[in-house]
């Protein structure tokens, strides 16, 4: 495994461990952002740095921040001097920004997992690729006629699947142990729109990703209903959940995780696993993962069957069926098509609420649906899992509960978490927009599109930036909440903006 400062938390017996220094830096918030230290590059061997730290830390006048700056190089900020051209439209700004957000193939160093091809990062504090972000970024790259970058990014993800066995959250070693929403099959299909024989080329990678998400399925039984990311429901159906191999504080959010554990009734290792699983979901964090929507400490992500995750795996199964059909393996094609059809039935059975007329996540431990209204319910429309009647009911809920002046709110509850009201996020606007179009709800789809683009335009005119998230309730406030400030850049916002403008 490539070494990283952050991974030392999991490698306390490693000769390269700097656990004491790492914990002190993170818990004392020396660098202001918990992600900064894991991204630093050591200037000399880590064991030497740790030895010196142990020798010096209790001496008079020792300054921890000075010690860190002497021994580690802070991560670069390549776009720190970039300023947008005030005369440019948002479209022109984004076209220019692709080059600013593009990173060249990497050399190994620090926590960064090197990739063989150029790639686009989201922006701000996010100096590496992120899995599900990249699909929405690619939507915009294609509009900008940058299929070269789309191809490179798909090849980078294929490389990660080959070398690691899955696509991690991002290309940092402290993200190893978890993935993110599985959008690789959608990326491959996006590439297939402009190139031939794409499905057959990436068939081995699609299969390998599916194996990762289904790891342990053959060992499930009534007494062991859940292993890794697979769950056996009460009727014997197989579905998926989010998970992480580790049950320790996230290195990049170490202080936040440790402090939450101190005020939590859950066992620390169980809490950490739930936090990490929520990070795998991409919705880090949201009240959809809480038992009590007002209490972060009641997070129980690994007990939840997310409707959006299972729709994504439905698409992966359908894509595998299509890929095997393309190479002439009809038996495997039929097998995956059957798995997809079974999953569709299960999603409708366990996640559709006929009285509320909406899709909800399912708590398989309590054997009951969650009650949180979230935009995860639009995924069955995007992937055409919903019946026409279900889609009509979701359209009504979106129009009456979620539609705000600046677009769609992520949830209808304001918990202070960033994946809740009042925030709207580009990827979810796109999923809802396309999902509604799939069922002929053009009027609401158009209204969402106009309100979201106007919100983007307003903030750009005021700041010269495209943001990670937006406040959709107010036409004057910025998005907020979460573990860090709102970020500018921003990969998936850029991609969805161009895709909607081009639709």
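For the range 377-414, a tally of residues being under 20 Å from residue 467 (Cβ atoms) and under 22 Å from the mean Cα position of the chain (by Cα) returns 7. Would you call residue 344 surrounded by fewer than 24 Cβ atoms within 10 Å (Cβ to Cβ) and under 17 Å from residue 237 (Cβ atoms)? When the stated conditions are applied, residue 344 passes them.
Where helices (runs of 4 or more DSSP H) fall entirely within the range 168-278, those with at least 1 residues that are buried (at least 17 other Cβ atoms within 10 Å of the Cβ), in contact with a strand residue (DSSP E or B) (Cβ under 9 Å, 6 or more places away or on another chain) and touching a residue at least 40 places away in the same chain (Cβ under 8 Å) are at 203-213.
Of the residues in the range 393-415, none is exposed (fewer than 15 other Cβ atoms within 10 Å of the Cβ) and over 28 Å from residue 454 (Cα atoms).
Within the range 375-389, work out how many residues are touching a residue at least 40 places away in the same chain (Cβ under 8 Å) and surrounded by fewer than 21 Cβ atoms within 10 Å (Cβ to Cβ). Residues that pass the stated criteria total 2. Picking from residues in the range 104-119 that are crowded, with 17+ Cβ neighbours inside 10 Å and part of a strand (DSSP E or B), the one that is modelled with the lowest pLDDT is 112.
The values are calculated or read from the model by the stated rules, or taken from the named source; none is laboratory data. If you're wondering where the values come from, they're calculated on a predicted model, not measured in any experiment. When we count neighbours, we look across all protein chains shown, and the Cβ atoms used for this are built from the backbone with ideal geometry, even at glycine.
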